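The next block holds one structure in the form of structure tokens; read it before the comments.
The numbers here are math on the coordinates, done by the rules we state, and not lab data. All of these numbers come straight from a predicted model, not from anything done at the bench. Here the Cβ positions follow ideal geometry from the backbone for every residue, glycine too, while neighbour counts run over all protein chains shown.
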Amino acid sequence: MTPSTSILMIIFFFLIFPLVLAEFARNRSLPTLEDFFVQSRKMPSVMVFFTVYSTWISVFAFLGASAYFYSKGPVYMTTIGWDVLFGILFMILGRRIWQYGKSRRYISPAALFEDVYRWKPLTISITLIMFFFTVPYLQIQLSGGAYLIEIASGGLLSRELCGLIFYLIIIIYLWAGGLRAVALADIFYGILVFLSMAAVGILLIRQAGGIDSVYQQIYLLDPLNLKLPGPSKEAGAFLWLALFITVPIGALMGPQMWLRYYAPASKTTFALMPLLISLISIQSLGTALAGNAGILLIPGISDSDTIVPRMLLHYATPVVTALLFCGIASAALSTANSQIHAAAALYTMEIHHRFLKSKASERQLVAVGKWAVLIISIIAYILLLFNPGLIIDTGTVALGGTSQLFPMTLGALFWSRSNKRAGLAGILTGVFFLLIYAFLAPYPASYGALIGLALNGLVFIGGSLLLPREQETSDRIRRYRLEYHNAD
């Protein structure tokens, strides 16, 4: 068997296996909204972990992380800390949202806000913000994954064709089994991602001379490669803090994670997440080793997002490269499938059902959700064709945008003085500042995300204290909290 044949077989298996899993999911699916969007709230803990992990680890965390280590020094090691923070917050917030969702049958990612605050302008604004910051992030996932498979195939499959194939596969298994199909595919993708991140780091650091030799040479080249604020002198403690806070909070507030709060079969699942997510963070050593090896193996590359593919093409065999490229592409597909699915839930429940067909039957709404998967995929594919995007820049802006929902989420869960008008003012303040900062300021977008989040919180808290108490909202928050504690 020739190397080219082996490569095509690897790619074929990588693309087809999720469809096999989709058939398994289809045979167990029910024609209900709860089954299509939240797996009938019966997802077992193993599936929850893998689908959360695979959704959390995107192409941003693979190619983008290596690029940061290559160009900005050690600042991205904050990822170890934010993995822990992500796991802890997923447990604290997730089990409350799970209980609320189970009691009140939440399906849409915006359902908590609608139920607690009961103000259409707020629900519409949150829905639009989730859409606005999710679709560009979705686009870079598939753009990065398609780019890798194009290279792995030796140019036989173009980036545009690979992107189209990815979307078709995602559409097929989402139509077949909804969240159940996504979660099964995420087990496959998650295993590939973890093994590939570790393998890439080990392979490339060995090619560069081994860990001791590499870090000694890097230190001699420029000690700032190994300490803050990095060789560019812009990646200091503030960027470390900004990434540590905004990346995990932004991911937690993404619509795809809300469906994973609703889906578990048991509340005990949430107690496992901090430990499992913290243990899995050892994968970050792979991207650190790969990025630092690149400083010696391919110095002076301006497009740092491409350093891992460039090194693998030069220092690994074609078959190994194809295997690892499929593993990296798994990080893209496992996030993209969840984002398409969550965006479809938003459209179905918050736009179509609320404003267009309020009397639609459940079976009709399931059909709408499936068609929404198709339309959202088409929109994202058009963006892929005309705007490949920068992984780090687009990713940090997207996560910074969804992080602006965090103060109002805390308010809905914990603070009975929360005011919906103050909350909306805070969200709009944070989003507006982030966008202005991202387009105009010559500094990392994470700075704007953190500052915007702080301004958001100040407006929300200050406005809630200054404006008259909203008694009905306050009573609901207190009642829901009491019901949650009584359920324990």
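The table below gives the values:
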read-out: The range 1-82 - Rg (one decimal) and Dmax (whole number), Cα, Å; value: 18.7, 50
read-out: Length gained when the stretch Asp222-Arg417 is fully extended (0.36 nm per residue, less Cα-Cα span); value: 65.0 nm
read-out: Length-normalised contact order of the chain in % [C-alpha pairs under 8 Å, at least 6 apart]; value: 29
read-out: Protection-proxy order for peptides 342-353, 63-74, each taking the mean of Cβ atoms within 10 Å per residue, highest first; value: 63-74, 342-353
read-out: Prolate/oblate/rounded label for the chain (Cα gyration tensor, a/c 1.5); value: oblate
read-out: Residue-averaged [θ]222 nm for the chain, counting only DSSP H segments that reach four residues, each worth -39500 (n - 2.57); value: -25500 deg cm²/dmol
read-out: Sorted peptide list for 46-57, 455-466, criterion being average Cβ within 10 angstrom, highest first; value: 46-57, 455-466
read-out: Pairwise FRET efficiency - Lys102 versus Gln364, Cβ, R0 = 25 Å, nearest 0.05; value: 0.55
read-out: Pairwise label distance in nanometres, Val320 with Leu374, each label 7 Å out on the Cα-Cβ vector; value: 4.4
read-out: Helical segments meeting 20 Å axial Cα length and Kyte-Doolittle -1.0 threshold in the chain (DSSP H); value: 3-26, 78-104, 120-152, 159-207, 237-252, 318-346, 362-386, 420-440, 445-466
read-out: In the range 3-391, lysine pairs with alpha-carbon atoms under 15 angstrom apart (chain gap of 8 or more, or interchain); value: 5
read-out: Nearest-20 debye value, the range 3-391 charge dipole, Cβ charges on Lys, Arg, Asp, Glu; value: 1300
read-out: Point-to-point label distance, Glu160-Lys120, nm (Cα→Cβ direction, 7 Å offset); value: 4.3
read-out: Separation of the Ile282 and Ser474 label points, Cα + 7 Å toward Cβ, nm; value: 5.1
read-out: FRET efficiency, 1/(1 + (r/R0)^6) with R0 22 Å, evaluated for Ser302 and Glu234 via beta carbons; value: 0.90
